[in-house]
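Taking it in order: structure first as structure tokens, then the write-up.
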Amino acid sequence: MSHPRIIQGGMGAGISDWRLANAVATAGQLGVVSGTALDSILARRLQAGDLEGHMRRALAHFPVPEVAQRILDRYYIPGGKDNTIAFLPLPMYTATPDQHLLELTVAGNFAEVWLAKEGHTGVVGVNYLEKIQLPLLPCLYGAMLAGVDYVLVGAGIPREIPGVIDALTEHQEVTLKLHVEGAPSDAEFRTRFAPREVFAGELPRLRRPHFLAIIASVTLAQALAKKATGQVDGFVIEGPTAGGHNAPPRGQLQLNERGEPVYGPRDEVDLEKIKALGLPFWLAGGYADPQRLQQALEAGGAGVQVGTAFALCRESGLEESLKHTLLGQVQRGEIEIFTDPLASPTGFPFKVARLADTLSEDAAYAVRSRVCNLGYLRTTYLTPEGELGYRCAGEPVAAFVQKGGTAEEAEGRKCLCNGLLANIGLPQQRPSGYREQPLVTMGEGIEAVRHLIGGERNSYTAAEVIGFLLPQG
């Protein structure tokens with residue numbers, strides 16, 4: 001079958017939102033929504049008043065109406081809440097989440113994909129991080145209920161995901177092996193999701209989406225092609241210049257003079273070996289250029305994945321003042337992207353755009369009291385009592401150490417969860433009066449942005465990004 005040449009990357013929490021994915025899919029390429037934190041995003045959009053009615057329109061099509069109504073009754077505030085009032089807290093995910101959290105997660109993923117697919121015949125994907133394991137099963141199910149066409153998973157080894165997708169197509173119970181720090185090698189812990197236990201009544205027929213693994217090594221691609229629990233339909237090969245989380249360098253970590261991880265020949269992917277697997281692949285990380293797209297095609301690829309150029313386009317979910325600031329920096333040649341080896345609690349390097357008054361700046365972060373109240377990036381660990389516990393290197397250091405972490409592990413870590421939600425205009429208001437600040441991630445490939453805005457323009461569309469990459473004639 002033919003696949004789109006351009007994959008619009010799944011970025012941040014809500015940067016690659018339904019509007020962006022819809023615009024890209026309408027233009028004939030693969031529009032991708034970010035699947036991160038969609039339970040929180042749905043709940044906060046409803047509390048902010050859902051002023052244009054999009055969340056309520058999507059929920060009106062949710063296949064279990066009583067669940068949609070419970071969510072509306074709990075979160076929808078006509079006209080929106082006062083900005084000085086905090087968003088309602090959600091329970092944080094554990095290996096055994098409660099019924100409400102499962103319902104909200106499924107509905108949040110459904111709503112985002114449903115809106116992305118509305119009004120066109122193009123294809124839409126959803127992007128997940130394998131590192132965020134605890135909500136992954138209900139997230140997948142919600143996206144599939146909305147008819148998602150592609151599922152893309154990176155930041156880990158998604159070996160079990162193809163089999164999970166196969167089972168969810170039949171509304172079957174699924175489980176996922178958890179990475180549990182401190183657990184004996186012969187112990188196995190799994191999270192579980194059973195659609196028919198969560199949702200009563202008749203459920204719609206589902207079709208299987210294509211599964212694309214986001215990888216950074218030949219070894220992982222080969223392992224997934226041979227040992228995945230179901231069909232792998234292709235790979236996105238993401239280099240270290242891509243935004244967000246990057247795979248750590250192979251071998252011993254070394255830092256350059258700026259304090260960034262050093263990548264070398266061992267981190268380069270042998271495309272001939274990838275091509276030998278016989279599966280479609282896309283190249284990502286600095287490929288937002290017609291010539292680089294052509295190079296990818298000549299290397300046997302199906303196309304490229306592009307993130308940063310879409311992150312700054314008119315339809316992306318990035319808060320408008322941040323978008324305006326970043327575009328101005330690009331125009332003036334002042335934008336600075338830093339690959340921070342410490343920022344992410346996951347331990348993966350994470351790219352940040354250095355902006356004043358955001359959490360990318362250490363001075364701005366220093367005034368923030370550490371707290372972990374969203375918990376998407378928490379690590380599951382085995383307690384001395386043999387129970388599952390949850391800790392985050394971005395939480396208060398004393399709490400992290402009490403749970404078996406070390407002060408050294410916590411040093412330099414930042415709260416990505418709250419920062420990413422602030423990026424899209426949904427910051428939490430803390431009881432102390434502190435308002436969560438953004439933490440913007442961008443890739444290093446900004447030449448396309450510079451071309452699209454020229455010397456005078458201050459905005460451009462997703463369709464213009466595609467027109468730049470795929471010129472007619």
Legend entry - Inter-centroid distance (Cα atoms) of region 18-33 relative to region 136-177, Å: 21
Inset, instruction - May I ask which residue of LEU145, GLY156, LEU176 lies farthest towards the positive end of the charge dipole of region 140-181, with charges of +1 (Lys, Arg) and -1 (Asp, Glu) on Cβ and the Cα centre as origin? - result: GLY156
Inset, instruction - Place the peptides 319-327, 43-51, 418-426 in order of packing, highest mean first, counting for every residue the other Cβ atoms within 10 Å and averaging per peptide. - result: 418-426, 43-51, 319-327
Inset, instruction - Calculate, axis by axis, the spread of Cα positions in the chain along the three principal axes, and write the results as whole Å, longest axis first. - result: 56, 53, 51
Legend entry - Fraction of beta bridges assigned by DSSP in region 216-365 that are antiparallel (%, nearest 5): 45
Inset, instruction - Could you pull out which residues in region 416-444 have an amide N less than 20 Å from a spot 7 Å beyond the Cα of ALA356, following the Cα-Cβ vector? - result: 423, 435-441
Inset, instruction - May I ask for the net charge around LEU220, where only other residues with Cβ less than 12 Å from the Cβ of LEU220 are counted and Lys, Arg are +1 while Asp, Glu are -1? - result: +3
Inset, instruction - Alpha carbons only, please: Rg and Dmax for region 57-144, in angstrom. - result: 14.3, 41
Inset, instruction - Report relative contact order for region 121-181 in percent, whole number only (criteria: Cα-Cα under 8 Å, sequence separation at least 6). - result: 40
Legend entry - region 407-451: mean projected area of Cα convex hull, nm²: 5.1
Legend entry - Cysteines without a disulfide-compatible partner [the chain; Cβ-Cβ under 4.7 Å]: CYS139, CYS313, CYS415, CYS417
Legend entry - Sequence-separation-based contact order of the chain, relative, with Cα cut under 8 Å and 6+ spacing, percent: 17
Inset, instruction - Send over the Kirkwood Rh of region 89-137, from the inverse of the averaged 1/r over different Cα pairs, rounded to one decimal Å. - result: 12.5
Inset, instruction - Would you work out the relative contact order for region 51-183, in percent, from Cα pairs under 8 angstrom that are 6 or more residues apart? - result: 22
Inset, instruction - Only helical DSSP H runs with n ≥ 4 go in: add -39500 (n - 2.57) per run for the chain, normalise by residue count and round the 222 nm mean residue ellipticity to 500 deg cm²/dmol. - result: -9000 deg cm²/dmol
Legend entry - Estimated distance in nm for a label pair at ARG70 and ASP270, the labels positioned 7 Å out from Cα along Cα-to-Cβ: 5.3
Legend entry - Sorted largest first, extent of region 313-428 alpha carbons per principal axis (Å): 56, 26, 24
Inset, instruction - Using 0.36 nm per residue of separation minus the Cα-Cα distance, give me the extension gain between THR175 and LEU88 in nm, one decimal. - result: 28.4 nm
Inset, instruction - Find out how many positive minus negative residues lie around SER34, taking Lys and Arg as positive, Asp and Glu as negative, among other residues whose Cβ is under 9 Å from that of SER34. - result: -2
Inset, instruction - Please give the net charge around LEU176, taking every other residue with its beta carbon less than 14 angstrom from that of LEU176, where Lys and Arg add +1 and Asp and Glu add -1. - result: 0
Legend entry - Sorted peptide list for 273-280, 162-169, criterion being average Cβ within 10 angstrom, highest first: 162-169, 273-280
Legend entry - Computed FRET value (nearest 0.05) for HIS100 with ALA366, which takes r as the C-beta separation and R₀ as 25 Å: 0.10
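All of the numbers you see were taken from the coordinates with simple rules; none came from a lab. All values reported here derive from a predicted model rather than from experimental measurement. Because the Cβ atoms are built from the backbone with ideal geometry, glycine has one as well, and the counts that use them run over all protein chains shown.
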